[in-house]
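Colleague: Got a structure here, written out as structure tokens. Questions coming.
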Amino acid sequence: MPSSLCEALTNSSISFDYQKEDDWITSGKLGSREAVLVFRTNILNPKIRKTLSEKSSAQVLTDTKDNEEEKPVQSPQKLSEKEPTSSEPSSKEALSGSTQQKIFLLKKPQQCDKLDKLTFSSPFKKILNRYSSSDTSISSEGEEPASSSENKSRVLKTSQNTINIKLAADLSNESGYESIAPAKTISNTEVIEEDQEETSEDDAECGINMPASKLKITYKFHQTETKLLRKLFNVHGLTEVQGENNNFNLLWTGVHMKLDIVRNLAPYQRVNHFPRSYEMTRKDRLYKNIERMQHLRGMKHFDIVPQTFVLPIESRDLVVAHNKHRGPWIVKPAASSRGRGIFIVNSPDQIPQDEQAVVSKYIVDPLCIDGHKCDLRVYVLVTSFDPLIIYLYEEGIVRLATVKYDRHADNLWNPCMHLCNYSINKYHSDYIRSSDAQDEDVGHKWTLSALLRHLKLQSCDTRQLMLNIEDLIIKAVLACAQSIISACRMFVPNGNNCFELYGFDILIDNALKPWLLEINLSPSMGVDSPLDTKVKSCLMADLLTCVGIPAYSPEMRSHFDQKWSRFRSTSCLRQATFPSTSQKTKKSKKKGAVINLNLTGEEQRILRNARLQYSRRGGFVRIFPTDDSMQRYGNFLDSANGIPISTPNVQSQTFQTPIIQHNYNQMLHQNLYSKDGRQKQDDNSEADRIWQYERALETDSEIPFVKKPTVEKCEVEGRRLRKIMLKKISNGSELTPFQARQTFSMYLESVLRRLTEDPKDNHEKIILKFLNKFGGSVKPPVMFRNMQTIKVASKARSAMVAKLLGDFLENYKRDTEAYVDSFDHFGMIPSSAYNQFLMHAQESDLEAVLTLHTNVTGIMPFLYNRCGLSVPPTPPIPSGLHGFLRALPSMVSSTGINRELSKYDGYFKNFDKEKVFL
Ligand code: ADP
């Protein structure tokens, strides 16, 4: 059994050559604890990918040949005895490389000629230097850092990303309007799957050549699906594991993690959340945590959120506050997002009783751009809570409301004036998307740097604004950190297991004061424009590199696993590993570390990791610790253990260990920033940070946003297939529930598109009535919230109805995934024929099929299961254009579902009683 990591590597069956100029592994030599994968956006470029794929097929041949020469199965011992060839340096040679610019690629360097030429010709050359300058700045053993000017040039190069045009095309359907436009997209599920398959095959082929592929590095998605991330993983050679398999290197979940999974993480495994992170990301918890800090530390230090109440518990307090300082108030469901269920009221008595919501003081004087209200989405990466390490991504997104802001109370109903969410505004027919990634200040989505430049031109103090934003972020994290640290102590077995990217929503008022609105768990990585693609792909590549996915081979991992299970059998708690004072010196000597010998092994590890991580930070700006963070925030930390304290009586004693012997925050700060310990690579000065926020993410080439290529529907073919389907139905064939639901959702998609392109007052009323009756049956419920809206016919009202229908469709389609036709049933329409029909069907074809099927069979499988309890009688459906749509509200029971609905929505009953529309 190998006794060390290096030995484990030597015994590995994987052999690496390295290319001096290329780098896919950084921070340490392959086989060292620090070696991590590098992620770069440039290989998303189709040209580079193609070359990599070509190379990889040549490679496969060589690999096969080489493998044939080797004995089929060799014991690790035997492999270690293998003589190194001249073109294939031994792992030891690779390990003893003197600089970390040595990049580990697979097999023979001469095969890479073509790639090299292509890769190192402009613009890619600059990109590939991305991490190499930082690599020379620090070695895993803490060698001399690069100068700060080098650092600056690195930062500039960081953003020389070239984004894959095809990526933009592939991703364009992720979350944008395109995804609901059936005439432009292929609606047939099979065809979509085929299309995705093609793309992922292409990605995987490119990935074959990557170290991650040879190292068998894996990722797992759980309750999340991001095409951008999947693509990044695949082209970098990571493979997906699914189901119950927990043998992943990186787990990416869209929800909070099960503690069982966290508890059993091995040291090389990474997950994208911290336990108990909901303390930050649930609106009600966040406000409570900050409120506690306001009481404990003084309002003036934590005046970072609008005054907020959690209903129904604090209804009285809300009324008292309203009597002191009048509204308006903004009402939000506690655990919702994307503007769902939000409404604004002038007075608390307009809020339904028993409403479970968070109510905040409405900021009536927001910063406006050209008269439009805007807010900010910034990306915050926390890599550790103890010590606290926070990065802010240099680029963020500014979202503008479509309708010009007018603070008059009559307009409070208008979500396209008061809410800046893209998911609301995208349905407004005046919404403008910039069509070029370089246009960062065009339309209703800007970049943060474009906003800063715009404000600077108007002589605004953007430096102070960004410092205030940094301050707000740090304070919000400090306010919530205590319980997250305590959960980490209890459940996270290794210091590096968790990291988290938070989406901070910030509103700036017209005095340039930033206000924290909410913190998003798993901020959306959907892209709907070139600008999104640019910002989010750079963000994700930089995130993965900064966090560091250990470049361990399976052998090294199994070595770790064995060590790990022994360790876990003695203790599963991280703090149990603190060495005694006598251990300190011994360990330091043994490792020959050049860093402070007074540090414990754990402290040395933390310091080394912090430095390495900083050297890989790409576009991330470290905002905590900085040279003055102890002066600014030291008062909020416990003087003994450095933990942010947010409850008056809780001292370190209440943590898992009786006495915590360390103060990691202080240790890190001292070693990074104290006069004698100060190192240039840690010179994270205020001026550097501000400079970085204000510069644009640069790209070397134009990035046209190419929409996903679509297959035009053939109208004639659609009509022909429709006739066949109608005949089958008349002859007694039925649609399966899955087919019926597919048809219904495609039909509603067509209606939705009409609503946004050519709003029809009459159809909006029908849709509203249907949703108010049926919207509660999907989860989360989709219902109409704001009564005043419906009184005024306008583009904004159309947008609101469209948003409701869009939300409904999203949930309905998710529910539809539970229905599968694994084989054709007797008496049902064969799925292949039906899929053909769906591929070419237009709205009128879909309507004709739904109408005839409902009239002939007398059932409505798109709305109800056969055995449902409260299925209403099927109404006759009038023939003719939009007959099905007109009959839709009457297909929904006015009793059963109503009762369900009223549980969720106080407005529902009123709406039905008032019968505003019908
Ligand atoms: P969600 O999570 O549903 O997106 P947010 O808290 O981000 O909810 O709010 C949605 C939008 O409402 C924001 O984009 C912002 O424009 C607006 N908003 C939220 N809270 C306030 C407030 N207190 N004052 C003014 N506008 C607000």
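The values are calculated or read from the model by the stated rules, or taken from the named source; none is laboratory data. Bear in mind the structure is a predicted one, so any value in this text is a computation, not a measurement. In this analysis, Cβ positions are derived from the backbone assuming ideal geometry, glycine residues included, and neighbour counts consider all displayed protein chains. To get the accessible areas, we keep the full protein, side chains included, count just its heavy atoms, and leave off ligands, DNA and RNA. Shrake-Rupley method; radii C 1.70, N 1.55, O 1.52, S 1.80 Å.
Colleague: Going by what's in this entry, would LYS513 be described as without any contact (Cβ under 8 Å) to a residue 60 or more places away in the chain, more than 23 Å from VAL271 (Cβ to Cβ), within 16 Å of the ligand (Cβ to nearest atom) and not aliphatic (A, V, I, L, M)?
Modeller: Values: without any contact (Cβ under 8 Å) to a residue 60 or more places away in the chain: yes; more than 23 Å from VAL271 (Cβ to Cβ): yes; within 16 Å of the ligand (Cβ to nearest atom): yes; not aliphatic (A, V, I, L, M): yes.
Criteria met by LYS513.
Colleague: Hey, does segment 290-297 have a residue that's crowded, with 17+ Cβ neighbours inside 10 Å, within 12 Å of the ligand (Cβ to nearest atom) and touching a residue at least 24 places away in the same chain (Cβ under 8 Å)?
Modeller: No - not one qualifying residue is present in segment 290-297.
Colleague: List the pairs whose first member sits in segment 325-337 and is within 27 Å of LEU521 (Cα to Cα) and at pLDDT 80 or above, whose second member is open to solvent by less than 40 Å² (accessible area, probe 1.4 Å) and of a type in the set (Ser, Thr, Tyr), and whose Cβ atoms are under 9 Å apart, counting only residues at least 6 apart or on separate chains?
Modeller: Partner pairs satisfying both residue conditions: TRP329/SER347; TRP329/SER360; TRP329/TYR362; ILE330/SER360; ILE330/TYR362; VAL331/SER360; LYS332/SER360.
Colleague: Could you check segment 311-321 and list, in sequence order, the residues that are more than 14 Å from the ligand (Cβ to nearest atom) and of a type outside the set (Gly, Ala, Ser)? Steps first, answer last, please.
Modeller: Of segment 311-321, the ones more than 14 Å from the ligand (Cβ to nearest atom) are 311-317, 319-320.
Matches in segment 311-321: LEU311, PRO312, ILE313, GLU314, ARG316, ASP317, VAL319, VAL320.
Colleague: Are there any helices (runs of 4 or more DSSP H) wholly within segment 412-510 with 3 or more residues that are more than 16 Å from the ligand (Cβ to nearest atom), and if so which? Explain how you work it out, then say what you get.
Modeller: Details: elements: 415-418, 422-425, 448-457, 462-491.
Of the helices (runs of 4 or more DSSP H) lying wholly inside segment 412-510, those with at least 3 residues that are more than 16 Å from the ligand (Cβ to nearest atom) span 448-457, 462-491.
Colleague: Can I ask one more? For segment 394-407, give me each residue that is among the charged types (D, E, K, R) and within 15 Å of the ligand (Cβ to nearest atom). Spell out how you get there, then give the answer.
Modeller: Of the residues in segment 394-407, the ones among the charged types (D, E, K, R) are 394-395, 399, 404, 406-407.
Scanning segment 394-407 gives ARG399, LYS404, ASP406, ARG407.
Colleague: What's the number of the only condition in (1) in a helix (DSSP H, G or I); (2) at pLDDT 75 or above; (3) of a type outside the set (Val, Ile, Thr) that ALA818 fails to meet?
Modeller: The single condition ALA818 does not satisfy is (1).
Colleague: Against the definition (among the hydroxyl-bearing types (Ser, Thr, Tyr), in contact (Cβ under 8 Å) with a residue 12 or more places away in the chain, more than 16 Å from the ligand (Cβ to nearest atom) and crowded, with 23+ Cβ neighbours inside 10 Å), how does TYR391 come out, yes or no?
Modeller: Working: among the hydroxyl-bearing types (Ser, Thr, Tyr): yes; in contact (Cβ under 8 Å) with a residue 12 or more places away in the chain: yes; more than 16 Å from the ligand (Cβ to nearest atom): yes; crowded, with 23+ Cβ neighbours inside 10 Å: yes.
For TYR391, the condition - among the hydroxyl-bearing types (Ser, Thr, Tyr), in contact (Cβ under 8 Å) with a residue 12 or more places away in the chain, more than 16 Å from the ligand (Cβ to nearest atom) and crowded, with 23+ Cβ neighbours inside 10 Å - is met.
Colleague: Only one of (1) within 11 Å of the ligand (Cβ to nearest atom); (2) over 30 Å from HIS454 (Cα atoms); (3) open to solvent by 20 Å² or more (accessible area, probe 1.4 Å) is not met by THR308, so which one is it?
Modeller: (3)
Colleague: Any idea which residue in segment 204-246 is least open to solvent (accessible area, probe 1.4 Å), counting only those that are more than 24 Å from GLY526 (Cα to Cα) and among the basic types (Lys, Arg)?
Modeller: In this case the residue turns out to be LYS214.
Colleague: Within segment 441-450, is there a residue that is at pLDDT 90 or above, closer than 25 Å to ARG340 by Cα and among the β-branched types (Val, Ile, Thr)?
Modeller: Yes.
Colleague: Restricting to segment 363-379, give me the number of residues that are aliphatic (A, V, I, L, M) and either open to solvent by 10 Å² or more (accessible area, probe 1.4 Å) or more than 15 Å from the ligand (Cβ to nearest atom) (or both).
Modeller: Result for segment 363-379: 3.
Colleague: Among the residues of segment 272-282, which ones are over 13 Å from ALA487 (Cα atoms) and either among the hydrophobic types (A, V, I, L, M, F, W, C) or more than 18 Å from the chain's Cα centre (by Cα) (or both)?
Modeller: Initial filter on segment 272-282 (over 13 Å from ALA487 (Cα atoms)): 272, 280-282.
Once the filter is applied, which keeps residues that are over 13 Å from ALA487 (Cα atoms) and either among the hydrophobic types (A, V, I, L, M, F, W, C) or more than 18 Å from the chain's Cα centre (by Cα) (or both), segment 272-282 yields only MET280.
Colleague: Looking at THR657 and the list (1) at pLDDT below 90; (2) in a loop (DSSP other than H, G, I, E, B); (3) open to solvent by less than 20 Å² (accessible area, probe 1.4 Å), which single condition is not satisfied?
Modeller: (3)
Colleague: Then there's this: When only residues in segment 333-362 that are open to solvent by 20 Å² or more (accessible area, probe 1.4 Å) and in a strand (DSSP E or B) count, which is nearest to the ligand (Cβ to nearest atom)?
Modeller: Within segment 333-362, the match that is nearest to the ligand (Cβ to nearest atom) is LYS361.
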